[in-house]
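Could you have a look at this structure, given as structure tokens, before my questions?
The values are calculated or read from the model by the stated rules, or taken from the named source; none is laboratory data. These figures come from a predicted structure and were not determined experimentally. Glycine also receives a Cβ, built like all others from the backbone with ideal geometry; neighbour counts cover every protein chain displayed.
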Amino acid sequence: MIKFDLITIFPDSLQAYLDSSILKRAQEKGLVEIKIHNLRDWSDSRHKMVDDTPYGGGPGMVFMIQPIFNALKDLKKDNSKVFLTSPKGEKLTQNKLKELSLDTNTHYIILCGHYEGFDQRVHDHLVDYEFSIGDYVLSGGELPALALVDGVVRLIPGVLGNEHSLENESFTKGILDYPQYTKPSQFNNWKVPDVLLSGNHKEILDWRKKKSKEDTDSMRPDMSK
Ligand SMILES: C[S@@+](CC[C@H](N)C(=O)[O-])C[C@H]1O[C@@H](n2cnc3c(N)ncnc32)[C@H](O)[C@@H]1O
């Protein structure tokens, strides 16, 4: 079973998401184990400090290596991989999530930063992989950590009710998903395409393929072949 340990200074911000929807069900079914830890629990300082001012000056605070080193000493096992959230890391993709979901015996430890990020020695000596969720800067690593956990867990067999829903998803086959419609068939003057109401499965399949291609070409020309 894949296991995750998330290390943060804002445990509450992660808990609500992990206790909802698909992630909640996956944990209840025993398909994944996810634990949240407060980095402050590993601080040696009297006031449970985990950050300090940067050497060389400059604004903000930097996460110190000591609490992280101690946390990893406690949590790491033979099958652990230490991941660090960073805007400088490799950009997460659906292919990467798939690869991680196939490593079924892996224990992922994810470090969520804040403020100015981590002492560079954490990056250099304690981490296996740094990932980013996009070319923008957030306040903390909690959302990126949740993005990775969510994206991996929903790919674990048995987690989603309908496995087939994964097949046509955007990015799975290098193409975007086709447009979806539901009841009513007409709202104001906006109608569902006739073909979807026709009951002709071959025509519906062809229409969906065509729309996937059109949407990919217009919305993500970088993905079009
Ligand atoms: C304000 S950011 C630090 C930004 C850093 N000073 C920089 O400019 O590269 C604080 C933390 O948020 C997280 N973070 C922010 N943006 C992220 C992104 N796009 N992907 C992954 N993590 C991110 C990281 O954990 C980072 O240490």
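Considering each of Tyr136, Tyr178, Tyr129 in turn, give the residue that is farther than 26 Å from Lys29 by Cβ, touching an Asp or Glu at 6+ places or on another chain (Cβ under 9 Å) and within 16 Å of the ligand (Cβ to nearest atom).
On the way: Tyr136 fails: touching an Asp or Glu at 6+ places or on another chain (Cβ under 9 Å); Tyr178 fails: within 16 Å of the ligand (Cβ to nearest atom).
Of Tyr136, Tyr178, Tyr129, the one residue that is farther than 26 Å from Lys29 by Cβ, touching an Asp or Glu at 6+ places or on another chain (Cβ under 9 Å) and within 16 Å of the ligand (Cβ to nearest atom) is Tyr129.
Would you mind finding the one in Ser170, Ser165 that is farther than 16 Å from Glu99 by Cα, surrounded by fewer than 19 Cβ atoms within 10 Å (Cβ to Cβ), within 16 Å of the chain's Cα centre (by Cα) and more than 13 Å from the ligand (Cβ to nearest atom)?
Among Ser170, Ser165, only Ser170 is farther than 16 Å from Glu99 by Cα, surrounded by fewer than 19 Cβ atoms within 10 Å (Cβ to Cβ), within 16 Å of the chain's Cα centre (by Cα) and more than 13 Å from the ligand (Cβ to nearest atom).
Separate question: Consider Ser101 carefully, then state whether it is at pLDDT 95 or above, in contact with a Lys or Arg (Cβ under 9 Å, 6 or more places away or on another chain) and of a type in the set (Gly, Ala, Ser).
yes
Could you count how many residues in the range 105-149 are of a type in the set (A, V, I, L, M) and either part of a strand (DSSP E or B) or free of Cβ contacts under 8 Å to residues at least 60 places away in the same chain (or both)?
Residues flagged as of a type in the set (A, V, I, L, M) and either part of a strand (DSSP E or B) or free of Cβ contacts under 8 Å to residues at least 60 places away in the same chain (or both) within the range 105-149 amount to 10.
Residues are listed down the side, and each one gets a yes or a no for (1) at pLDDT 95 or above; (2) of a type in the set (Val, Ile, Thr); (3) not in a helix (DSSP H, G or I):
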residue: Asn168; (1), (2), (3): no, no, yes
residue: Gly174; (1), (2), (3): no, no, yes
residue: Tyr178; (1), (2), (3): yes, no, yes
residue: Tyr181; (1), (2), (3): yes, no, yes
residue: Glu203; (1), (2), (3): yes, no, no
residue: Glu214; (1), (2), (3): yes, no, no
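In addition: For a quick check of your reading of the model, give me the residue pairs whose first member lies in the range 9-27 and is touching a residue at least 60 places away in the same chain (Cβ under 8 Å), whose second is basic (Lys, Arg), with beta-carbon atoms closer than 6 Å and at least 6 apart or on different chains.
Sorted first by the residue in the range 9-27, then by its partner, the pairs are Ile22/Arg154.
Being of a type in the set (D, E, K, R), under 22 Å from Leu18 (Cα atoms) and more than 15 Å from the chain's Cα centre (by Cα) narrows it down to one of Lys96, Lys77, Lys88, Lys81, so name that one.
None of the other options fit; the residue is Lys81.
Filter the range 55-70 down to residues that are within 13 Å of the ligand (Cβ to nearest atom) and small (Gly, Ala, Ser) and give me whichever is surrounded by the fewest Cβ atoms within 10 Å (Cβ to Cβ).
Looking at the filtered set, the residue picked out is Gly58.
Can you name the residue in the range 98-124 that is surrounded by fewer than 19 Cβ atoms within 10 Å (Cβ to Cβ) and touching a helix residue (DSSP H, G or I) at 6+ places or on another chain (Cβ under 8 Å) and is also nearest to Ala71 (Cα to Cα) among such residues?
Arg121
Identify, please: which residue in the range 72-89 is surrounded by fewer than 17 Cβ atoms within 10 Å (Cβ to Cβ) and in a strand (DSSP E or B) and is, among those, nearest to the ligand (Cβ to nearest atom)?
In this case the residue turns out to be Lys88.
Take the conditions buried (at least 20 other Cβ atoms within 10 Å of the Cβ) and either away from the ligand (no atom under 14 Å from the Cβ) or not in a strand (DSSP E or B) (or both) and apply them to Val152. Does it pass? It would help to see each step written out before you state the result.
Details: buried (at least 20 other Cβ atoms within 10 Å of the Cβ): yes; either away from the ligand (no atom under 14 Å from the Cβ) or not in a strand (DSSP E or B) (or both): yes.
So Val152 fits the description; yes.
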